[in-house]
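J.: Following this message is one structure expressed as structure tokens.
The values are calculated or read from the model by the stated rules, or taken from the named source; none is laboratory data. Note that this is a predicted model, so its numbers are computed, not measured. Note that each Cβ is placed from the backbone with ideal geometry, even for glycine, and that neighbours are counted across all protein chains shown. Calculation scope for accessible area: heavy atoms of the full protein, side chains included, ligands and nucleic acids excluded. Shrake-Rupley method; radii C 1.70, N 1.55, O 1.52, S 1.80 Å.
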Amino acid sequence: PYTTLFRSILSQPPWNALLLPMTFTAMVLTLAYNPQFALMMTFALELALTVVLGTSVDHLLIHMGGMATAILSLRHVRTRTQLVQVASAAGVAYFVTSLATGLLTQQTWSLMLTDAFRCFIWGSLAGFLLTGLLPVVERCFTFVTDISLLELADGSHPLLQELVRRAPGTYTHSMTVATLAEASAEAIGANPLLVRVGSYFHDIGKMMKPHYF
């Protein structure tokens, strides 16, 4: 209910910024859960907002077109730039669907272009917002994106550097295990990056008493 109230406030003139939290929510749900769940939840939220705000079905089509684009494009995010690209793709989808519905309802070109451009801006801004808030989102939803995994896989990570100094043999062993485990993960369709990072740190406790090993 709080989410619906918040978005109802943002949907009012002169902001008309409903697409910003909706696109942001769709992307977060995709990262935290899966595309199927994200599509179901965003459709339910959008349907509820359509009833609460009393908007037409055209708005439902426009919003779902952009959010579905964002959800289906968000796969294995490796860089923060990819989040912006996905949101921009959603913005383009908002732009196109806004023009399409405007043509169907015989609106003027100036009105159609104004609405379409506004939809593009709000949809694209969701990517920049998520990029900045990604660490907070990961902590709140207790999941780890590939972006964070790549940061952990960096060889200059302080914990890995400490492992090299204290237990170089264990470090070499961990790198070998990571190579084998990553290939195995790819073969069975698992997340190879997650497996590789887990292998890097799986024996980190051995550096407390390296002479035991």
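J.: Between residues in the stretch 144-163 that are of a type outside the set (A, V, I, L, M, F, W, C) and residues that are at pLDDT below 90 and open to solvent by less than 20 Å² (accessible area, probe 1.4 Å), which pairs lie under 6 Å by C-beta distance while being six or more apart or on different chains?
T.: As it stands, the answer is 145/77; 146/77, since those pairs meet every condition given.
J.: How many of the residues making up the stretch 29-47 are without any contact (Cβ under 8 Å) to a residue 60 or more places away in the chain, touching a helix residue (DSSP H, G or I) at 6+ places or on another chain (Cβ under 6 Å) and farther than 20 Å from residue 116 by Cα?
T.: The number of residues fulfilling the criteria is 7.
J.: For the stretch 19-57, which residues satisfy the criterion of being surrounded by 13 or more Cβ atoms within 10 Å (Cβ to Cβ) and of a type in the set (S, T, N, Q)?
T.: Within the stretch 19-57, 23, 25, 30, 42, 50, 55 meet the criteria.
J.: How many residues does the stretch 4-35 contain that are assigned to a loop (DSSP other than H, G, I, E, B) and modelled with pLDDT under 75?
T.: 7
J.: Residues to consider are 38, 44, 116, 48; find the one that is closer than 21 Å to residue 145 by Cβ and either in a helix (DSSP H, G or I) or among the aromatic types (Phe, Trp, Tyr) (or both).
T.: Every option except 38 fails the conditions.
J.: Assess whether residue 137 counts as being out of contact with any Asp or Glu (no Cβ under 7 Å at 6 or more places or on another chain), modelled with pLDDT of 90 or more and either in a helix (DSSP H, G or I) or surrounded by fewer than 17 Cβ atoms within 10 Å (Cβ to Cβ) (or both).
T.: It is true that residue 137 is out of contact with any Asp or Glu (no Cβ under 7 Å at 6 or more places or on another chain), modelled with pLDDT of 90 or more and either in a helix (DSSP H, G or I) or surrounded by fewer than 17 Cβ atoms within 10 Å (Cβ to Cβ) (or both).
J.: Next question, about the same structure. For residue 209, only one of the following conditions fails: (1) in contact (Cβ under 8 Å) with a residue 12 or more places away in the chain; (2) open to solvent by 70 Å² or more (accessible area, probe 1.4 Å). What is its number?
T.: Exception for residue 209: condition (1).
J.: Related question: Within the stretch 92-116, which residues are under 23 Å from the mean Cα position of the chain (by Cα) and either farther than 17 Å from residue 71 by Cα or free of Cβ contacts under 8 Å to residues at least 40 places away in the same chain (or both)? If you could, list the steps in order and put the result at the bottom.
T.: To start, the set of residues in the stretch 92-116 that are under 23 Å from the mean Cα position of the chain (by Cα) comprises 92-97.
Once the filter is applied, which keeps residues that are under 23 Å from the mean Cα position of the chain (by Cα) and either farther than 17 Å from residue 71 by Cα or free of Cβ contacts under 8 Å to residues at least 40 places away in the same chain (or both), the stretch 92-116 yields 92, 93, 95, 96, 97.
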